[in-house]
Every structure is written in C-alpha cells, then in structure tokens.
Amino acid sequence: MSYTEATLQLLSPAGSIVESDTTAEYLPYIDKLSDEELREFHRVMVVTREFDLEATNLQRQGQMGLWVPSIGQEAAQVGSAFATRKQDHIFPSYREHAVAMIRGVDMLDILRMLRGLTHGGWEHAKHNNFHIYTLVLGSQTLHATGYAMGLNLDGSTATGNPETDEAVIVYFGDGATSQGDVSEALVFAASYQTPELFFLQNNQWAISVPVSTQSRTPLYLRPSGFGIPGIQIDGNDVLISYATTRKYLDEARAGGGPRFIEALTYRMGAHTSSDDPTKYRPDSEVEHWRELDPIARFETYLRGRGEGDDFFQDVATEAADYASDIRLRTLALGPPSTSMIFDTVYSEPHALVGQQKEWLANYEASFDENGAAE
Amino acid sequence: MSGIQAMPMAKALNAGLRQAMLDDPKVLLMGEDIGPLGGVFRITEGLQAEFGQNRVLDTPLAESGIVGTAIGLAMRGFRPVCEIQFDGFVYPAFDQITSQLAKMTNRHEGTLTMPIVIRIPFGGHIGAVEHHQESPEAYFAHTAGLRVVSPSNPHDAYWMIQEAIRSNDPVIFFEPKSRYWPKGDVNLDERGPELHSTQVVRAGTEVTLLGYGPMVSVLLQAAELAAEEGTSAEVIDLRSISPIDYDPIIESVRKTGRLVIAHEAPGFVSVGSEIAATVTERAFYSLEAPVLRVAGFDTPFPPAKLETTYLPDADRVLEAVDRALAY
C-alpha cells in the first residue's frame with residue numbers, strides 16, 4: 001500500500017513543499033510556524049527514535065520484558081501531538097511514544113510499564129492530559145468518545161474560544177479498525193457529535209497481517225459511512241500531520257462534530273521485540289519505506305531552509321545523551337512492592353483482597369533471612 | 001417522598017435512581033430505550049422527562065459502547081449508571097467490563113476511580129425467550145475490581161441502588177426481574193443495611209438457607225414449609241456477591257450446623273461453590289452435614305415452558321434440607 005492521489009502531503013519525499021489547490025487550505029497552518037517550532041518538530045522526532053532504539057537495546061539485554069518500537073511513525077505522532085492544545089485530552093494506544101514525550105510524560109514511566117513494574121504508571125492529570133496506554137486494541141476509542149461526550153455535557157467545548165474549548169484526540173492503528181469497539185466509538189461519536197478526532201496510524205501491519213486483510217477499502221473512507229468526515233494524509237510528513245490535525249481538532253472543538261484522519265505510514269521495525277517481521281514481509285518493502293523515512297525527509301526540508309550542521313549535530317548529541325540517561329535511570333529502577341498487588345484493586349476497602357494481603361505478609365514473614373521456613 | 005410506602009421493586013428502583021440524581025448532578029443514566037419508554041421494564045420511567053436528555057441518555061444499541069463510553073464519562077467526573085437491557089445481552093460488553101472497567105483503578109495505581117453502576121435485570125420466571133432469563137453473576141464475581149450486589153426486596157432495592165451509585169468502585173447491580181412487581185414496604189427515611197452486608201432475614205436453629213436476589217423469597221417460602229414439618233430454618237439474604245460478608249454466615253452455620261445454598265445460576269463454578277468451600281474451611285468442626293447447593297442445572301437455560309422445572313423452587317430446597325438433616 002502506498003500513497004495515492006487522495007493522500008494529502010505538504011512535504012514531498014524529496015523534502016520540498018507541495019503547493020497545489022489541494023494543499024492551499026493547509027499551507028497557512030505551516031506558514032504560522034516559527035523556525036523554533038520547526039526545529040522542535042525535528043528535535044522530538046530524533047530524540048524519540050534514539051530513545052526507542054535504546055529501549056530495544058535494553059530489551060535485548062534482558063532489562064525489559066518487552067519493547068514496542070515506534071520507529072517510522074515519528075512524523076505522524078509529532079505533527080499531530082504538536083497540533084493539540086494544552087487543554088486537549090489524548091487517548092493513546094501503546095505505541096505513541098513521541099506523543100507522550102511532547103505531552104511531558106517521563107519516558108521512564110513507559111519503560112517501567114514494559115519492564116514489568118506497573119500496568120500504568122502515569123497520571124493524565126499530571127501529564128498534560130496524556131492518558132495511559134491501552135493494550136486491548138480499540139478499547140480506548142470508546143473511552144475517548146465517552147470523555148468527549150462528557151465535554152459536551154459539562155459545556156467545556158464549543159463555546160467559541162479555541163484557547164479554552166476542549167477536544168479529544170484518540171490514537172489507534174489499522175489492526176484496531178477491525179475491532180467492534182472502534183465501530184461502536186464511531187457510532188457514539190457521530191450520534192452525540194463529540195468534539196473528537198480519530199487519528200488512525202495505518203502502519204500497514206497488524207503484527208503479521210497486512211492492512212488489506214483488515215479492510216478492502218482505504219480506511220479513510222470508512223468513517224463516511226458513520227457520517228464522519230475522513231481524510232488520508234502522508235503519515236511520514238510531519239507538516240501535513242500537524243496542519244490537518246490542527247484544522248480538524250479546531251473544527252471539532254468549535255462544535256463541528258467528530259473528524260477522522262488516516263495517517264498512512266509504515267512500521268519500520270518489528271511489532272514488538274518478540275516479533276520477527278522477516279517471516280512475513282519482503283525486505284524490498286521495508287527498503288522502499290526506508291527511503292521515505294520521515295526524519296530524513298524533514299531534515300532535508302530544514303537544510304533547504306538554511307538550517308546548518310551545528311543544529312543537527314546538537315540534536316544528535318542531545319538524543320544520545322537522552323538515551324544514555326534513560327538507560328541509567330532504567331537500570332536504577334528497583335523492584336515493585338508486593339503490596340502493589342493488592343493496594344489499588346479497589347478504591348475502597350474490600351474484605352477478600354484485604355485478607356489476602358495480610359495472609360501474604362504473614363507468609364513472607366514466616367521465612368527466615370535465608371529463605372527457610374521458620 | 002418520605003415515610004413507609006408499599007411499592008414494587010420496579011418503583012423502588014425508580015425512586016432510588018431519582019433520589020440519586022437529585023443528590024448528585026453528576027449522576028447520569030445511560031442505556032437502550034431508557035428515555036421516553038422508561039426501559040423495557042420501565043425502571044427509568046419518567047426520569048428523562050424530569051431530568052432531561054443530558055441526564056438520561058438513550059444510547060445507540062451497542063453494549064460495549066455503553067460501558068466503554070461510561071468509562072470515559074467517569075474519567076471526566078460523571079457517575080454513569082448503565083442499564084443492560086437483559087442478562088444475556090451483557091456479553092458484548094464483557095471486555096469493557098472485565099478488562100477495562102474492573103482494572104482501570106488498579107492500572108492507574110489508585111489515582112483514578114470508576115464510579116460506574118451497571119444494572120442488569122437477571123434471572124428467570126418471566127417466561128421469556130432465549131438470552132432473557134440468565135444468571136451471569138459468577139462471571140463478574142470472579143473478576144477482581146468489580147463489586148457485585150443483588151437486592152431481594154423493594155426496601156433494599158431503594159437503598160442499595162443509591163449506595164451503589166455512591167460507591168467509587170464499579171458495581172454490577174443484578175436486579176431480580178421476577179421480583180420487580182411484588183410489592184413490599186420501603187422505609188424511605190431509614191437507610192437500609194450497608195451495601196456489602198449479609199442479612200439474616202428469618203431466624204432458625206436447625207439449618208441455614210442462603211440465597212440472594214430472586215431466591216430469597218423462595219427460601220422464605222421453603223422455611224415456612226419446613227416449619228410446618230417441624231424443622232427450624234434460618235434464612236440469610238447474601239445481598240452482596242462480591243465482596244461476601246462471611247461473618248453472619250459463619251455465625252449461623254456454627255449455630256445450625258447445616259448450610260443449603262440456592263441460586264438460579266448453574267452450580268458448577270458458582271457463587272454457591274465458592275461459599276461452600278469457604279464455609280467448609282472456616283466452620284468445618286461446626287458442620288453436621290456437607291454444604292449443599294441447589295442450583296440451576298449445568299445446561300443452557302431451557303425454553304420458557306420448562307423454566308419451572310429448571311429453576312430451583314421451595315420443594316428442591318426442602319429436598320436438600322432433608323438430605324442435610326439425614327447426615
């Protein structure tokens with residue numbers, strides 16, 4: 001699957017701005033971006049990728065139970081995340097590392113989760129409304145829709161002030177689109193006209209199954225059947241990701257109802273560290289998409305605007321420092337407390353769980369320091 | 001409303017929901033056909049007219065969607081009360097209930113609460129078609145993170161629904177639809193027992209009969225018949241299926257030495273099995289007989305014309321009482 005005439009693009013694979021009748025409505029969003037903001041796009045993409053590679057290394061060295069790489073999807077994530085406003089709520093799936101970084105999540109929290117120390121670990125209220133990862137595919141689309149229904153009900157949206165009106169963006173993948181929950185979320189979103197953007201990253205592979213098995217029509221066409229406008233963008237173009245997300249989220253927050261973006265991208269790495277993509281996809285396909293690497297494309301663009309070697313070198317150094325810092329902090333993580341098994345199953349006391357916590361404490365206390373039963 | 005009023009459970013639930021909505025503007029009702037129709041059992045009758053479409057939401061026909069969006073609404077600070085139309089229709093929402101709702105507080109390490117009530121009319125005796133008479137409570141009691149309760153009478157229904165809505169944890173609220181219509185006194189001024197407490201509803205000395213929801217009236221009938229035959233039976237209304245308030249059960253078994261547990265749900269891996277195991281562990285030396293279960297058969301719920309054969313009745317309870325007394 002590759003780009004078609006329908007695929008919106010602001011930055012060509014060669015790194016130059018696409019000026020056409022189609023892109024005219026999106027170009028103003030880019031024109032408003034400062035040089036500093038454009039550099040920031042690049043910086044986060046590079047740091048995220050380095051973080052991602054370091055996490056893969058940590059997994060290979062036995063320091064992580066699992067890793068879920070986001071390599072190749074940086075532009076889709078960085079553009080859309082920078083397009084959100086501070087009051088917006090973000091419901092991720094489990095591969096949105098760049099979005100997490102932009103919203104201020106301590107990336108160590110993601111590593112804690114995949115190291116087996118927690119099921120969640122960050123609180124959205126303290127992390128710029130970035131909600132925790134959801135591992136069951138598509139489940140979060142309903143949570144996001146319910147949240148957006150709540151914005152309508154409590155009047156926090158569509159007052160006419162884009163600086164305060166709230167909206168919701170939910171991330172999911174091509175595999176998830178086959179889940180009933182995603183269809184139900186589209187139904188509820190359409191019925192209640194939620195201030196919500198469905199942001200689909202079509203990375204073309206659901207573990208080993210190609211997107212052609214998930215859908216016989218381009219996925220951006222599916223929401224039209226629900227009464228929700230949808231578009232397809234080049235997911236490896238950070239500028240179109242930013243511009244379309246900004247436009248659609250602002251339309252949604254203004255009371256226009258839900259919107260849908262399919263970002264056509266590619267999972268350059270494995271599904272997870274347990275996967276072996278050489279068993280199901282040809283090297284030529286991977287090579288084709290490597291040529292379309294979102295970071296290289298944006299670097300070409302920035303260099304064309306006059307950005308010099310110093311900047312790119314600084315970013316590379318920062319990314320390497322970030323990776324080595326996160327490595328040290330990961331290795332320093334201690335084990336979780338056994339009381340964690342019990343303490344937050346319920347928010348109010350529950351007799352059975354309380355008794356079992358007490359039993360375990362007594363059981364563990366019954367062994368001496370050498371581990372022998374006393 | 002005040003004083004003591006006789007009303008059916010359906011009206012008591014309606015009054016309880018109404019009071020909860022008056023007490024807290026964040027309480028929302030959502031479900032299929034619960035607006036102008038008032039639900040297929042009319043439990044929400046009049047509430048949309050009184051509170052408006054933003055408090056009583058007629059949802060699209062999708063159970064996973066109802067529970068999944070309720071989770072999002074709870075994240076936003078609402079207290080949704082979801083109606084699942086019939087017991088056998090809850091399964092499309094099973095993932096959202098067991099993998100999402102039940103685990104959400106734990107996944108957030110306690111920083112997020114999930115004050116959601118899922119009301120499920122359950123059980124037989126209404127002569128309905130397939131999927132409309134089931135008793136799926138064990139699935140939910142087996143899932144950590146959920147609280148599971150079932151009232152047996154109008155007074156408890158009025159107070160328990162309000163307690164469930166006030167709970168900051170998710171509560172699966174099983175309503176015995178065979179008990180929707182018989183009237184009972186509701187004391188609107190005096191709060192009922194705590195949500196998760198077991199209640200002795202008839203004192204006795206020779207055998208303990210334990211049940212919940214639709215089975216309590218059957219057990220009371222059985223106890224009355226047993227008394228006519230000279231056997232003194234104590235009857236316990238479990239009320240809360242998770243957690244279980246064991247102390248009154250153990251105390252009763254220590255006194256009577258015999259326990260018969262009854263429910264409409266199949267007996268295999270059931271609430272009755274669980275209680276039998278725990279009572280055996282905690283009151284072994286007090287037992288004069290094995291703990292016995294009287295349950296629905298381990299078959300699909302049969303066509304309606306066979307339901308009275310399938311469902312435990314007072315005679316089947318008494319048959320078990322006889323067996324317990326024979327040891």
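The values are calculated or read from the model by the stated rules, or taken from the named source; none is laboratory data. As the structure is a computational prediction, the values presented were derived from the model and not from experiment. Here the Cβ is made from the backbone with ideal geometry for all residues, glycine too, and neighbour counts use every protein chain on show. Surface areas here come from the heavy atoms of the whole protein model, side chains and all, with no ligands, DNA or RNA. Shrake-Rupley method; radii C 1.70, N 1.55, O 1.52, S 1.80 Å.
Couple of notes before you dig in:
- Förster-model FRET efficiency, 41 Å R0, B:H142 and B:L225, C-beta, rounded to 0.05: 0.75
- On the basis of the beta-carbon distance and an R0 of 45 Å, A:W359 and A:K32 show a calculated FRET efficiency of 0.15.
- Counts of other chain beta carbons within 10 angstrom of each beta carbon in peptide A:183-189 average 5.
- A simple spin-label model places pseudo-atoms 7 Å from Cα toward Cβ; at B:D33 and B:F268 they are separated by 3.2 nm.
- Of the trypsin sites (Lys or Arg not before Pro) found in region B:164-266, those that fall in a DSSP loop while having at most 14 other beta-carbon atoms within 10 Å are B:R191.
- Largest first, the extents of the alpha carbon coordinates of region A:27-331 on the three principal axes equal 48, 43, 38 Å.
- Shape summary: region A:284-343 maps onto an equivalent ellipsoid whose semi-axes, from the alpha-carbon gyration tensor, are 38, 19, 10 Å in decreasing order.
- Buried accessible area, chains A and B (both chains, 1.4 Å probe, Å² to nearest 100): 3300
- The order of A:E291, A:E196, A:E364 by accessible area, most exposed first and with a 1.4 Å probe, is A:E291, A:E364, A:E196.
- Label zone at B:V129 (point 7 Å along Cα-to-Cβ), backbone N below 18 Å, region B:2-39: B:33
- Integer Hz, Karplus 6.51/-1.76/1.60 couplings in order for region A:268-277, x for Gly and Pro: 5, x, 7, 4, 9, 5, 8, 9, 9, x
- Global form of region B:125-165, assessed from the alpha-carbon gyration tensor, a/c cut-off 1.5: oblate
- Against the empirical curve 2.2 N^0.38 Å, the C-alpha radius of gyration of region A:101-157 lands at a ratio of 1.29.
- Taking amide H as placed 1.01 Å from N in the peptide plane, the amide H of B:V201 sits under 5 Å from that of B:V235, B:I236, B:D237, each at least 5 places away or on another chain.
- Loop chymotrypsin sites (Phe, Trp or Tyr not before Pro), region A:198-295, which have at most 16 other Cβ atoms in a 10 Å radius of their Cβ (DSSP): A:Y280
- Extending 7 Å from the Cα toward the beta-carbon at both B:R191 and A:A373 defines two label points whose distance is 4.5 nm.
- Residue-level accessible surface for B:L287, protein heavy atoms, 1.4 Å, Å²: 40
- Three-way shape call for region A:1-113 based on the alpha-carbon gyration tensor, with the a/c threshold at 1.5: prolate
- Applied to region A:51-64, the Karplus parametrisation 6.51 cos²θ - 1.76 cosθ + 1.60 on θ = phi - 60° returns per-residue 3J(HN,Hα) values of 4, 4, 5, 5, 5, 4, 4, 4, 5, 5, 8, x, 8, 10 Hz, with x for Gly and Pro.
- Rounded if a/c under 1.5, otherwise prolate or oblate - the protein assembly as shown, Cα gyration tensor axes: prolate
- For the listed residue pairs B:K26/B:K183; A:K32/A:K86; A:K357/B:K103; A:K86/B:K103; B:K26/B:K103; B:K26/B:K177, the alpha carbons are over 25 angstrom apart in B:K26/B:K183; A:K86/B:K103; B:K26/B:K177.
- Using the alpha-carbon positions of chain B, Rg (one decimal) and Dmax (whole number) come out as 19.4, 60 Å.
- Across region B:3-59, the mean sequence separation of Cα contacts (distance under 8 Å, 6 or more residues apart), normalised by length, yields a relative contact order of 33 percent.
- When you filter the GluC sites (Glu not before Pro) in region B:124-222 for DSSP loop state and at most 10 other Cβ atoms inside 10 Å of their Cβ, you are left with B:E190.
- Heavy-atom accessible area order for B:L325, A:L38, A:L135, largest first, 1.4 Å probe: A:L135, B:L325, A:L38
- Percent accessible area from carbon and sulfur atoms, the protein assembly as shown, protein chains only, probe 1.4 Å: 52
- The contact residues of region B:83-112, meaning those that lose at least 20 Å² of 1.4 Å-probe accessible area when all protein chains sit together rather than their chain alone, are B:D95, B:Q96, B:Q100, B:T105, B:N106, B:R107, B:H108, B:E109, B:T111.
- The protein assembly as shown, accessible area per residue, ligands and nucleic acids excluded (1.4 Å, Å²): 39
- HN-Hα J in Hz across region A:304-310 - Karplus 6.51, -1.76, 1.60, θ = phi - 60°, x for Gly and Pro: x, 7, x, 5, x, 4, 4
- Relative contact order of chain A, taken over Cα pairs closer than 8 Å and 6 or more residues apart, is 23 percent.
- With at most 12 other Cβ atoms within 10 Å, longest stretch of chain A clear of loop trypsin sites (Lys or Arg not before Pro) (DSSP): A:87-215
- Across region B:195-327, counting alpha-carbon atoms alone, Rg and Dmax equal 13.7, 43 Å.
- Tail beyond 17 Å, pair distance distribution of region A:99-219 (Cα, percent): 63
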